[in-house]
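Throughout, read-outs are computed from the coordinates displayed, never taken from laboratory work. Bear in mind that the values here come from a model prediction, so they are computed numbers and not experimental data. Note: ideal-geometry Cβ built from the backbone for every residue, glycine included; neighbour counts use all protein chains shown.
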Amino acid sequence: MKSATLPTFSVIDQLCFLAPLLMVLTGCYENQSAQYDPLLVSNYRRTENGKTEVHRQYIDATGNVVLQTDFDYSGSFQNGMAFACKASAKAPTENRPDYLLLLDDRHRKCGLIDKKGQLLFPLRPDLQAAYFERGLVIAMVREEWGLLNRQGETILDFEYDLLIVDDEYIRYRQDGYYGLLDRSGSKLTDAKYLTLSPFADGFALFTNEKGQVGYVTENGQETLVHEEVESVLQGSMKEGLQRFARIKVSPAVEGHFRHHHGLKDLYPIYSTYTEGKVGFLDSRARIVIQQEFDRAGDFHEGRAAVVVGGKLGFINTAGDLVLEAEYQVGDLWNAEFSEGLAPVLTDAGFFHYIDTEGSAEIRFVQIGSRDWIRGPLHALDRLNPHWATAWGNKHGYFRLNHFARPFTNGLASIRVSGPMYGPRFIGLMNHQGKLVYVNRSDSVTGKDMRLPEGTYGQDQVPEVFR
């Protein structure tokens with residue numbers, strides 16, 4: 001009987017097994033913030049002559065500024081790239097946001113920059129918008145979309161209303177209908193679908209011109225599953241499931257649109273304003289989760305927000321209500337899990353960030369370095385929320401009472417609106433609930449949003465927030 005051979009490892013391999021302890025010495029893992037795209041933060045300031053200046057910079061997950069550019073406009077990073085433009089000498093000078101001025105500047109030049117602020121390809125005068133997705137540049141020229149390579153060369157003509165680059169295929173839209181291209185730009189199907197979802201397990205859901213729902217294979221073979229137009233697809237295929245909602249539109253509205261416009265224009269009303277029950281289909285249009293929810297969001301990290309009896313809860317991919325419906329119903333797109341946490345609105349009017357098991361991991365946003373307060377504060381919050389609010393404010397812990405967004409690149413956008421002379425600020429918070437960045441102005445009102453002095457100890461507050 002042949003003896004088993006044990007694997008052998010080099011010294012470097014053995015060090016990599018100890019990476020959590022030796023990451024600094026071995027370089028096996030990079031800093032966690034390096035995994036994320038830098039986040040754009042913009043501050044609007046009004047100068048003495050009445051002009052509005054916009055200061056843009058990019059920060060990492062710790063709140064440190066990692067990039068400042070000399071472009072007249074630069075947008076958010078997506079997949080390691082950001083759209084950026086240089087204005088011409090003939091650019092308009094009236095007091096409007098810079099991106100609106102650039103739209104009127106016919107001699108501007110635009111392109112994509114990487115995380116170091118370097119151009120991916122030379123600036124182009126015809127580029128209106130661009131973003132990077134799965135190795136391709138999706139770009140807009142003359143109000144239509146096409147594809148560029150990394151050198152800025154056109155590889156798919158600018159003739160599409162919309163382009164969506166998936167893992168293996170490209171979905172396109174022309175004249176209101178969707179079709180399919182391969183990665184080289186060759187047409188696989190004509191533009192004939194009212195909706196077309198991304199492929200999952202070799203199948204893609206579609207809605208045809210009659211409103212019927214089925215699936216198409218990678219070779220273009222179609223199978224109709226729901227031939228009676230009783231429900232419509234909503235959202236997009238996420239984690240192998242897509243929302244399927246019953247139609248409930250008033251006969252008067254439906255009759256008007258069918259008579260004057262046709263199904264192509266009626267379908268957006270169906271898909272947006274349905275009031276019937278919502279369930280979920282798999283990639284072959286089979287109902288996996290029955291239509292029993294008042295409303296539902298897409299799946300994220302194995303959970304989807306649903307509305308049951310006027311309250312918000314979460315189901316798993318089997319349709320089980322794993323987090324009880326006990327939260328206030330707001331925007332379902334906001335109540336989604338990202339990086340292990342989801343913001344939910346409690347009956348008291350405060351936002352909590354819960355994990356996939358329903359535990360409230362973040363209840364307050366923390367300013368300063370008094371970490372020891374967090375544990376007792378959470379315990380007090382379970383006993384008496386009013387006492388917790390007052391004690392938290394005294395020590396630099398504030399309720400998330402205006403808005404709280406899902407995490408992106410390690411940070412979540414939050415806003416605190418206190419009493420007239422109390423704390424009032426917009427900022428970015430990390431996974432520990434600490435504020436790492438404060439916006440210097442409210443982009444809506446232009447009002448200075450710096451933190452006022454408080455009793456929580458200015459010596460414990462980072463200087464950048466004072």
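Some observations on this one:
- Three-way shape label, segment 93-244, alpha-carbon gyration tensor, a/c 1.5: prolate
- Each residue in 47, 154 was given a count of other beta-carbon atoms within 10 angstrom of its own, and listing them fewest first yields 47, 154.
- Three-way shape label, segment 137-217, alpha-carbon gyration tensor, a/c 1.5: oblate
- By the count of other C-beta atoms within 10 Å, a proxy for reagent exposure, 54, 307, 344 are ordered fewest to most as 54, 307, 344.
- Footprinting exposure proxy ranking of 322, 141, fewest other C-beta atoms within 10 angstrom first, gives 322, 141.
- Take every pair of alpha-carbon atoms less than 8 Å apart whose residues are at least six positions apart; their mean separation over the length of segment 101-205 yields a relative contact order of 13 percent.
- Net charge of neighbours whose Cβ lies under 14 Å from the Cβ of residue 387, counting Lys and Arg as +1 and Asp and Glu as -1: +3
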